[in-house]
Structures are given as C-alpha cells and as structure tokens.
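Heads up, the thing below is written out as structure tokens.
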Amino acid sequence: MNTPMISPNIVVCESGPDAARHVADLLASEIRTKPDMVIGLATGGTPVDVYRELIRQHREADLDCSRVTSFNLDEYVGLPSGHPQSYRYFMQQHLFDDANFSPAKTHVPDGMAADLDQYAKQYEQLITQSGGIDLQLLGIGNNGHIAFNEPGSLMESRTRVVELAEETIDANARFFESTDQVPRRAITMGIGTILEARKIVLMATGESKAGAIAEAFAGVCHPSNPASALQRHANVVVVLDPPAASRLGS
Ligand code: GLP
C-alpha cells in the first residue's frame, strides 16, 4: 500500500485521569452529535476510567446511549460471556449495565461460536450492515498490538482467530489467577477492519506503553508494531499521559 504517512493529532494530558476524561468527552460529544452512531469499543485497564466518566455523564448530564450501536474489538476464544475475564462480561460490568445501552445494539465477538471462522465473517458483515464504525476507541499493548493484532499481523487483516503472543499472555495474566488460565487464542477485528473506522481515538497511559507509542508514530509503518498502521489513517487522535508520551520523538 502506498498511502502516505499522516501525523496523528497527539494530545498529552496532565495525568491518566485527565486523559480518560478527555477521551470520554470526545466519545460523549460524538454520541450527542449523532445519537445513533456506531462506536467501536475496547477493553483492558486503559478504558476503565473512560467508561466510568461516560456512566457519570449518563447519570448526571443526560448522555443518552440508547440508540448507539457498539462493536467490541475482540474476545478470548473459549470464555463464555458469563466468565469474569471475558470481554463481554467486562463490558457489562464497566459500561453497558450502568449506562442505557440497548442490549440488542451491543456486539462483542462470541469466543464460544461453534464455527469461529464463519462467525468472524458474520461479525464483519454486521459492522458493514450497520453502516460502518464512526469512531473506534483503541488501547495499545506493550508490544504495539491493537485489539489482538499481534506483531506480524497484516495491515489488510480482517476479523479472525489469532494466537496470542507470549508477552500479551504475560501482560494479561494479571487479570487471571495464573498465566495458565489465560486463553491462547482470541477472535479480533483485523487491522484492515480497524482502519475502516471513520475516526480512531487511541488512548495510552503509563511508562510501559512509552516504547510502543514512540515506535508507532515514528513515521514508519512496520508489521513489528501493528499500531504504526494508524499512520495511514487520516483521522486519528492519540491521547496520552506524560509517561506514555515520554519517548515520543526519541
Ligand atoms: C489487551 C486488549 C487490547 C488492549 C491491550 C492493552 O490485550 N486486547 O484491546 O488495548 O491489551 O490493555 P491495557 O489497557 O490493559 O494495557
């Protein structure tokens, strides 16, 4: 692909909580402008405060999510929706149950689908039928992964089943009782799927993300850092705290 690199709009907030408020305001403003928008949502530690702020705005500032359609990025293969570490469970706990999302309009990939390859195609079709994603929220892994697109993923990749990298399993083991319990496979939107969103907001906080962020926006797009593909997108906002921004330009 010969698409030129585009510098993202990078916002460095004063702290992690400030970054979360900033991202929540971006999301809430899109929802207020287009109440029936299609939003792409992420899991992990990073968006927890973003979702808390959206719930606050729903309760205290009339934020109405009832007409929003949502698509989550990814899910572990083999975890049922009621499993405390499944991403469906995460979304119910951290957002859906406490803001007024319409259950039928929330989509999280089904890691228990009998035919995962077929299901992945259907997930893509659902996104297309809904009109495509207006705004995609992303976090980033320490190794530069976005959703569960590990280093080496193709920029054109679509929703599919993937093997998780050892470093991702280690990083996510903190949410499980032991590393052995972390699923080895996941179903994830592809980088190509993500790049079709009309707007992308990537949030990262903490020193552990500094290297991945610096590499992702260094002006080169390389499969060793999947997030570097975002430089091909014309409408990306990167929201950081100072530690995550500390190695930019180094
Ligand atoms: C997970 C998720 C990603 C997330 C990333 C960072 O493995 N699949 O969507 O962005 O890792 O997670 P955290 O925010 O906990 O650092």
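Working from label points 7 Å from Cα in the Cα-to-Cβ sense, the residue 36 to residue 85 distance is 4.0 nm.
The phi-based Karplus calculation (6.51 cos²θ - 1.76 cosθ + 1.60; θ = phi - 60°) puts the 3J(HN,Hα) values of the range 160-171 at 6, 8, 10, 8, 7, 6, 3, 5, 6, 4, 5, 5 Hz, whole numbers, x for Gly and Pro.
The alpha carbon gyration tensor of the range 9-245 gives principal lengths a ≥ b ≥ c with a/c below 1.5, which makes the shape rounded. Backbone phi angles across the range 139-146, fed through the Karplus curve with coefficients 6.51, -1.76 and 1.60 (θ = phi - 60°), yield HN-Hα couplings of x, 9, x, 4, 9, x, 5, 10 Hz in residue order; Gly and Pro are listed as x. Put the Cα centre of the range 199-250 next to the Cα centre of the range 151-191 and the gap is 19 Å.
Mean-square fluctuations from a GNM of the chain, with a 10 angstrom spring cutoff on Cα atoms, peak among 79, 26, 164 at 26. Here's the picture: charge each Lys and Arg Cβ at +1 and each Asp and Glu Cβ at -1 in the chain, and of 191, 175, 143 the one pushed furthest to the positive end of that dipole is 191.
The amide H of residue 11, built 1.01 Å from its N in the peptide plane, has 238, 239, 240 as neighbours under 5 Å, considering only residues 5 or more places off or on other chains.
Multiplying the residue separation of residue 48 and residue 29 by 0.36 nm and removing their Cα-Cα distance gives an extension gain of 5.0 nm. The relative contact order of the chain comes to 26 percent, based on Cα pairs under 8 Å that sit 6 or more residues apart.
Shown here for the range 1-73: GluC sites (Glu not before Pro) in loop regions (DSSP other than H, G, I, E, B) with at most 12 other Cβ atoms within 10 Å, namely 14.
Using every Cα-Cα pair within the range 1-128, state what percent have a distance larger than 17 Å. Across the range 1-128, Cα pairs with separations above 17 Å total 63 percent. Of the GluC sites (Glu not before Pro) in the range 133-169, the ones in a loop by DSSP (not H, G, I, E or B) with at most 12 other beta carbons within 10 Å are 156. Taking 7 Å steps out from each Cα toward its Cβ at residue 114 and residue 93 produces label points 3.0 nm apart.
Helix content alone sets the calculated 222 nm mean residue ellipticity of the chain: runs of n ≥ 4 DSSP H residues at -39500 (n - 2.57) each, divided across all residues, give -8500 deg cm²/dmol.
Each residue of the range 191-196 is assigned a 3J(HN,Hα), and the resulting list reads 5, x, 4, 4, 5, 7 Hz, derived from the Karplus form 6.51 cos²θ - 1.76 cosθ + 1.60 (θ = phi - 60°), x at Gly and Pro.
What the Cα convex hull of the range 83-202 gives, in volume per residue, is 122 Å³.
No lab work stands behind these numbers, since they all come straight from the coordinates. Since this is a predicted model, take the numbers as computed values, not measurements. For neighbour counting, all protein chains shown are included, and Cβ atoms are generated from backbone atoms with ideal geometry for every residue, glycine included.
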